[in-house]
Amino acid sequence: MNRGTKTAVLQNFAAIKGRALEAWQRSREGEDPCILIGTATCGLAAGALEVFKAFEEAAAAKNVRVHVIPVGCMGHCYAEPLVVIRKPDFVPVLYGKVTPTMAGTLVKQCLVENNFVPELVLAALEENEFLPSIADFPRFARESRLILRNAGMINPEEIMDYIACGGYDGFVRAMQMAPEEVIDVVRRSGLRGLGGAGYPTGKKWEICRNGSAALKYVICNADEGDPGSFSDRALIESNPHLLLEGILIAAYAVGAQSGYFYVRNEYPLAVKRMRTAIRQAREIGLLGGEILGSDVCFDLTVFEGSGAFVCGEETALIRSIEGERGMPRHRPPYPATVGLKGAPTLIDNVKTMAHVPGIVTGGADEFASIGTGSSKGTAVFAVAGKINNAGLVEVAMGTPLKEVVFEICGGIPRGKSKAKAFKAIQIGGPSGGCIPEQFLDTPIDFDSLQEPGAMMGSGGMVVLDEDDCMVEVARYFLDFTQKESCGKCTFCRVGTRQLLTILEDITKGVGRSEDIDLLVELSEDIKGGALCGLGKTAPNPVLTTIKYFRHEYEAHIARKCCPAMMCRDLIAYYIVPEKCERSCDVCVGSCPTEAIYTAKHRIKAIDQEKCVKCAACMEVCPPEYDAIVKFSPADTVPPAPPRIEEKE
Amino acid sequence: MKTITLTIDEKTVEATEGEMLLWVALDNDIYIPNLCALKARPLPDANCRLCWVDIEGRSAPVTACNEPVYNGMVVKTGTERVVRLQQTALELILSTHPVDCGRCGKNKRCELQKIARHLRTKLKQKRLRDISKRLPIDSSHSLFSYDPNKCVLCGRCIWVCKEEQKVGTLHFAYRGFAMVVTAFGGAPLGEADCTMCGRCVEVCPVGSLIFKNAEK
């Protein structure tokens with residue numbers, strides 16, 4: 001690109017940015033207040049759409065001029081729907097778990113009468129003298145938000161919002177550099193692939209750049225399918241232009257003219273928002289031919305995958321785009337040399353692409369200053385399971401697991417009558433492992449997590465407490481992987497099925513004494529023998545649970561006892577007569593099989609023959625009685641008091 | 001094409017550079033267990049996971065079907081870890097495969113028997129669970145019958161049907177353990193679009209696809 005073209009690019013973009021800033025000032029910083037409502041899938045599921053309508057209607061009814069703006073996800077799933085209200089004379093204030101009724105109250109109190117209703121406030125977004133600010137909450141203060149920075153702040157369906165917040169600055173800056181310089185910046189930043197494998201991103205770009213073919217492709221892998229992981233979805237739904245910008249920079253750097261955004265069709269909102277983003281970028285000349293008046297061309301197509309987990313594996317993903325069965329092939333050659341339709345193809349995960357614009361804008365050194373020696377920048381985790389403040393968390397690499405679980409996410413929720421103990425973190429999804437308490441100080445980075453047998457994976461983090469059976473956890477993940485195996489290679493197709501069958505036997509109390517050793521041997525062979533990453537990592541949940549919780553396996557096999565009282569075939573429910581409140585019948589009504597009957601003194605008891613162990617009675621028994629307990633092995637349950645025949 | 005020399009199990013052999021190791025070994029009468037390999041296939045499928053070898057300088061065993069040979073390559077086909085992977089792969093296949101050789105039309109010509117003999121192991125395995133599928137046998141075709149239970153899913157039949165004969169009657173369907181070879185829509189093979197070339201039966205390494213006149 002010659003100097004004249006470079007100047008033209010800068011001028012063209014400056015004109016667009018000017019318009020964007022004007023629009024931003026009108027909607028966010030003008031005289032009318034604005035209300036931001038989180039409308040990613042998590043917010044919508046919690047009722048954000050109804051809240052959105054309620055705000056609009058209440059404002060119309062009160063004749064209040066206000067901008068009601070849909071935004072993405074701030075990551076605080078536990079508090080959805082989230083609403084930010086900004087008035088011209090005060091700091092923006094965040095409200096959680098907002099209902100349509102609250103919306104009416106907030107319009108009246110906050111917008112009309114100037115009362116912030118402190119009892120409903122989650123926090124103010126900036127420090128002030130009146131309300132506690134987010135800086136006082138570990139969930140906000142200890143996070144390092146790089147790629148989630150604008151999530152929940154901008155309208156994901158409005159390109160001008162993104163541009164007003166510095167969006168596409170990175171791409172325009174990249175266009176002022178030679179492609180090799182861009183690759184060098186990414187290489188020096190130390191960014192590694194956040195899809196799980198952690199391959200150095202700059203190196204991959206360089207290999208693809210050096211491919212001699214004239215035609216090259218860039219693919220953004222958004223085929224997120226791990227149970228418990230939703231970080232890619234939230235990011236696409238909250239800030240699709242960030243990804244688009246990352247892809248544009250990657251395409252410019254490697255010299256690709258077209259690309260695919262591979263996203264599963266089970267993410268309809270993500271698909272829609274990405275398509276909108278692409279259309280808007282095309283309309284203002286940021287995508288397509290002669291981008292911003294230069295000779296650079298690139299176009300992006302959204303490709304909807306059909307929901308096969310294995311299509312997240314890059315060679316299977318490519319096969320899927322080509323219209324074939326999504327089955328991985330042997331590597332090498334890697335897609336960076338021989339990829340889509342035989343052309344050099346750069347494939348990066350959503351979170352990797354999302355980091356690229358920030359790296360180009362802020363510089364390699366700034367990014368490299370965050371994180372640990374071998375893992376730079378931040379990691380995004382979707383924290384779920386037995387955790388108080390579930391949601392998306394972005395922390396600097398090197399943050400200890402303990403801090404994420406107990407400080408940022410608020411620890412383990414209390415049970416009905418007592419606190420529950422932490423047991424393990426399942427990290428990295430079906431490819432990851434279970435990390436027990438003694439490794440809670442492990443810093444989160446690519447290498448440290450491998451030591452206890454887990455891996456970064458694609459960002460799922462499921463917290464388990466004392467009520468979770470580790471054999472059942474392993475069985476659950478193996479059930480998933482063996483269903484999602486493409487079926488191509490022997491070790492994965494049959495091996496994972498064997499693991500599952502053995503684990504099922506153990507959870508049913510029919511495991512054999514030699515099964516634990518067999519699971520370990522078979523797991524090792526599958527790791528060494530399977531064709532692709534899915535198969536090679538599938539045994540990790542089995543290996544780590546055996547390594548750290550072998551006693552649970554042994555109890556299942558030798559004593560038919562499930563120590564966590566989770567495996568249905570090995571437990572029995574019992575109503576403690578001394579605790580049962582005679583006049584309360586709530587358990588009777590909850591039982592789907594009429595297994596609960598009335599014994600002497602109107603005490604309730606369970607007929608073990610009829611009981612299907614659904615736990616419904618245990619859930620409804622009021623906490624002040626807490627009369628229902630579980631026994632394992634099942635045959636240790638005390639005999640129930642005799643049934644009293646009801647008088648005619 | 002450059003001729004190079006390599007060593008397989010202490011035996012020095014000559015080969016063309018870039019040829020796949022499995023074929024070089026087999027051409028030189030060094031047996032490496034295999035099920036899915038077809039010489040004509042440009043991209044080896046590497047799905048059966050049986051042709052393990054150790055190559056000097058590599059940290060773990062690799063499959064010979066997709067390893068191009070180079071000058072000075074040193075290969076060992078019978079190391080402990082190679083045999084362990086081969087043994088497990090065979091056991092996994094046999095845990096789904098009805099072992100009823102006496103009544104099988106492929107008896108004494110079956111690749112599984114050959115591999116078991118090579119590994120000095122029995123066909124009736126006990127270490128793993130028996131997870132055979134018990135699917136119905138398809139004898140609707142006039143020329144051959146198809147027993148999906150005996151199928152090892154090597155994909156040879158699919159490849160010859162589609163790529164060699166350019167017919168494309170056979171496909172994989174479903175995934176994971178449920179994967180089967182079938183005609184479009186699961187139609188009985190007798191009703192499928194077939195040119196009667198019989199190539200699928202010829203390349204089947206086991207007794208899954210078998211000519212009717214060869215059945216016992």
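Brief remarks on what is shown
- With R₀ fixed at 45 Å, the C-beta to C-beta distance from residue A:188 to residue A:215 puts the FRET efficiency at about 0.95.
- Protein accessible area in the stretch A:378-559, 1.4 Å probe - carbon and sulfur %: 49
- Percent accessible area from carbon and sulfur atoms, the stretch A:571-636, protein chains only, probe 1.4 Å: 52
- Helix screen, chain A: DSSP H segments with Cα axial length of 15 Å or more and mean Kyte-Doolittle hydropathy at least 1.0 are A:240-254.
- FRET efficiency estimate (nearest 0.05) - Cβ-Cβ, residue A:521 to residue A:115, R0 51 angstrom: 0.15
- Highest mean packing comes first when the peptides A:368-381, B:193-206 are listed by Cβ atoms within 10 Å, giving A:368-381, B:193-206.
- As a ratio to 2.2 N^0.38 Å, the alpha-carbon radius of gyration computed for the stretch B:139-216 takes the value 0.99.
- Alpha-carbon centroid distance for the pair the stretch A:412-465 / the stretch A:179-236, whole angstrom: 26
- Per residue, the average separation of C-alpha pairs within less than 8 Å and at least 6 apart gives chain A a relative contact order of 11 percent.
- Local electrostatic count, residue B:133, Cβ distance below 14 Å [Lys/Arg +1, Asp/Glu -1]: +2
- Surface analysis of the stretch A:159-368 yields an accessible area of 31 Å² per residue, using protein heavy atoms and a 1.4 Å probe.
- Nearest-ten-degree value, helix B:80-94 long axis tilted from longest Cα axis of chain B: 0
- Global size of the stretch A:31-136: 12.5, 36 Å for Rg and Dmax (C-alpha atoms, Rg to one decimal, Dmax whole).
- For the stretch A:571-636, averaging the sequence separation of C-alpha pairs within contact (under 8 Å, six or more residues apart) and dividing by the residue count gives a relative contact order of 48 percent.
- Each peptide in B:95-105, A:178-188 was scored by the mean count of other Cβ atoms within 10 Å over its residues; highest first, the order is A:178-188, B:95-105.
- Share, in percent, of DSSP beta bridges within the protein assembly as shown that are antiparallel, nearest 5: 65
- Descending principal axes extents, the stretch A:490-614, alpha-carbon based, whole Å: 63, 25, 21
- Computed label-point distance, nm, for sites residue A:25 and residue A:578 using a 7 Å Cα→Cβ extension: 7.5
- Spin-label model, residue A:407/residue A:60: points 7 Å from Cα along the beta carbon direction are separated by 4.8 nm.
- Label-zone membership for the stretch B:170-192, site residue B:40, 7 angstrom Cα→C-beta point, backbone N under 18 Å: B:170-171
- Remark on the stretch B:1-137: ratio of C-alpha radius of gyration to 2.2 N^0.38 Å is 1.14.
- Checking every one of the GluC sites (Glu not before Pro) in the stretch B:24-111 against DSSP loop status and a limit of 12 other Cβ atoms within 10 Å picks out B:56.
- Electrostatic tally near residue A:193: other residues with Cβ closer than 11 Å to its Cβ, Lys and Arg +1, Asp and Glu -1, net +2.
- Estimated purely from DSSP H runs of n ≥ 4, each contributing -39500 (n - 2.57), the mean residue ellipticity at 222 nm for chain A is -10500 deg cm²/dmol once divided by its residues.
- Other residues lying with their Cβ under 15 Å from the Cβ of residue A:454 contribute a combined charge of -1, Lys and Arg counting +1, Asp and Glu -1.
- Among A:382-388, A:212-218, sorting by the average number of other beta carbon atoms lying within 10 angstrom of each residue, highest first, gives A:382-388, A:212-218.
- The mean number of partner chain beta-carbon atoms within 10 angstrom of a residue's beta-carbon across peptide B:174-182 is 6.
- Largest-first ellipsoid semi-axes for the stretch A:1-93, taking √(5λ) over the Cα gyration tensor eigenvalues, angstrom: 34, 19, 11
- Calculated on the Cα set of the stretch A:378-559, radius of gyration then Dmax: 16.2, 49 Å.
- Reduction of at least 30 Å² in accessible surface, 1.4 Å probe, comparing all protein chains with the chain by itself, residues of the stretch A:317-331: A:325, A:330
- Computed helical MRE - 222 nm, chain B, DSSP H runs ≥ 4 contributing -39500 (n - 2.57), nearest 500: -5000 deg cm²/dmol
- 18 Å Cα-Cα reach of residue A:17 towards lysines, excluding residues that sit fewer than 8 places from it in its own chain: A:6
- Based on alpha carbons, the Rg and Dmax found for the stretch A:159-368 are 15.6, 45 Å.
- With all pairs of different C-alpha atoms in the average, the Kirkwood value for the hydrodynamic radius of chain A is 27.0 Å.
- Extending 7 Å from Cα along the Cβ direction at residue A:257 and again at residue A:269 yields two label points whose distance is 3.8 nm.
- Residues within the reach of a label modelled at residue B:197 (point 7 angstrom out along Cα to beta-carbon, backbone nitrogen below 14 Å), restricted to the stretch B:128-164, are B:156-164.
- Pairs with C-alpha atoms separated by more than 31 Å, drawn from the list A:272/A:341; A:97/A:351; A:351/B:39; A:204/B:150; A:416/A:560; A:386/A:600, are A:351/B:39; A:204/B:150; A:386/A:600.
- Interface size, chains B and A: roughly 2900 Å² of accessible area buried, both sides included, 1.4 Å probe, rounded to the nearest 100.
The values are calculated or read from the model by the stated rules, or taken from the named source; none is laboratory data. Nothing here was measured: the structure is a model prediction, and the numbers come from that model. Glycine also receives a Cβ, built like all others from the backbone with ideal geometry; neighbour counts cover every protein chain displayed. Surface areas here come from the heavy atoms of the whole protein model, side chains and all, with no ligands, DNA or RNA. Shrake-Rupley method; radii C 1.70, N 1.55, O 1.52, S 1.80 Å.
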